[in-house]
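Comments concern the structure below.
The values are calculated or read from the model by the stated rules, or taken from the named source; none is laboratory data. The structure displayed is predicted, hence computed values, not measured ones. Glycine also receives a Cβ, built like all others from the backbone with ideal geometry; neighbour counts cover every protein chain displayed.
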Amino acid sequence: MKTVVRIFAVVHSGIAAVFSLAAVLLLGLAAQMLWRALREVVHDPGAAAATVIESFGLLAVALVGLEIAQTVLEEEVVREAQISAPTRVRRYLSRFLVVVVVALSIESLVATFTLLHRAPEQLPYAASLAYATAALLAGWGLFVWLNRSAEDVEPEGMRDAKAEDVKLQ
């Protein structure tokens, strides 16, 4: 069984590495876009602003990729966490969802600003993204609230989770 756990740790490390590589590539693309916007700003300020806004979207997705990589490494490789206790589930999902909600919020703002100038008739799609992000945030809040009561039944889960945090210091 220990061999299988080691294999999973290697696979999780590989997945985290791919997420990190993708994030670095997106960061490079965003930097290229910002450089292009800097060169365009004199000739066409509107296009430069649109390019900067689009680079924000790429940066948000890069942030999600890095956070997912970090979460996978910390939770699956370093801590070797078994996602079974309510506390562990809540903390694991919260780490992931906070990044997703922030990235989707940024994406909805980017979409709104972009569509406002390029295709105002498509603004309902940006609004749908914003509403879906708000629904995700509300659902996450409900999950945390409902899951919190499970910790009262199993208080050792919080102690175990805090003890695992020591591995990261």
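Whether any residue in the range 136-151 is buried (at least 16 other Cβ atoms within 10 Å of the Cβ), modelled with pLDDT of 85 or more and of a type in the set (Phe, Trp, Tyr) is what I want to check.
Kept after step one, since they are buried (at least 16 other Cβ atoms within 10 Å of the Cβ), are these residues of the range 136-151: 137, 140, 147, 151.
In the following step, the residues that additionally are modelled with pLDDT of 85 or more were identified as 137, 140.
Pick out the ones that are also of a type in the set (Phe, Trp, Tyr) and you get 140.
Within the range 136-151, one or more residues are buried (at least 16 other Cβ atoms within 10 Å of the Cβ), modelled with pLDDT of 85 or more and of a type in the set (Phe, Trp, Tyr).
Are there any pairs, at least 6 apart or on different chains, whose C-beta atoms fall under 9 Å, with the first in the range 28-53 and without any contact (Cβ under 8 Å) to a residue 24 or more places away in the chain and closer than 21 Å to residue 106 by Cβ and the second hydroxyl-bearing (Ser, Thr, Tyr) and part of a loop (DSSP other than H, G, I, E, B), and if so, which?
Short answer, once both residue conditions are applied: none.
Looking at the range 69-88, can you tell me whether even one residue there is of a type in the set (S, T, N, Q), in a helix (DSSP H, G or I) and more than 11 Å from the chain's Cα centre (by Cα)?
Taking the range 69-88 as the starting set, the residues that turn out to be of a type in the set (S, T, N, Q) are 70-71, 82, 84, 87.
If we keep only those that are in a helix (DSSP H, G or I) too, we end up with 70-71, 87.
Of the ones still in play, those that are also more than 11 Å from the chain's Cα centre (by Cα) are 87.
Yes, the range 69-88 contains a residue that is of a type in the set (S, T, N, Q), in a helix (DSSP H, G or I) and more than 11 Å from the chain's Cα centre (by Cα).
I need a count of the residues in the range 45-75 that are within 30 Å of residue 9 (Cβ to Cβ) and among the polar types (S, T, N, Q).
Going through the range 45-75 one residue at a time, the tally reaches 2.
Taking only pairs six or more apart or across chains, which ones have beta-carbon atoms under 8 Å, a first residue in the range 6-25 that is under 18 Å from residue 64 (Cβ atoms) and surrounded by 13 or more Cβ atoms within 10 Å (Cβ to Cβ), and a second residue that is among the basic types (Lys, Arg) and modelled with pLDDT of 95 or more?
Once the first residue is under 18 Å from residue 64 (Cβ atoms) and surrounded by 13 or more Cβ atoms within 10 Å (Cβ to Cβ) and sits in the range 6-25, no partner that is among the basic types (Lys, Arg) and modelled with pLDDT of 95 or more comes close enough.
Pick out the one residue from 75, 40 that is closer than 26 Å to residue 138 by Cβ and buried (at least 16 other Cβ atoms within 10 Å of the Cβ).
Working: 40 fails: closer than 26 Å to residue 138 by Cβ.
That would be 75, the only listed residue that is closer than 26 Å to residue 138 by Cβ and buried (at least 16 other Cβ atoms within 10 Å of the Cβ).
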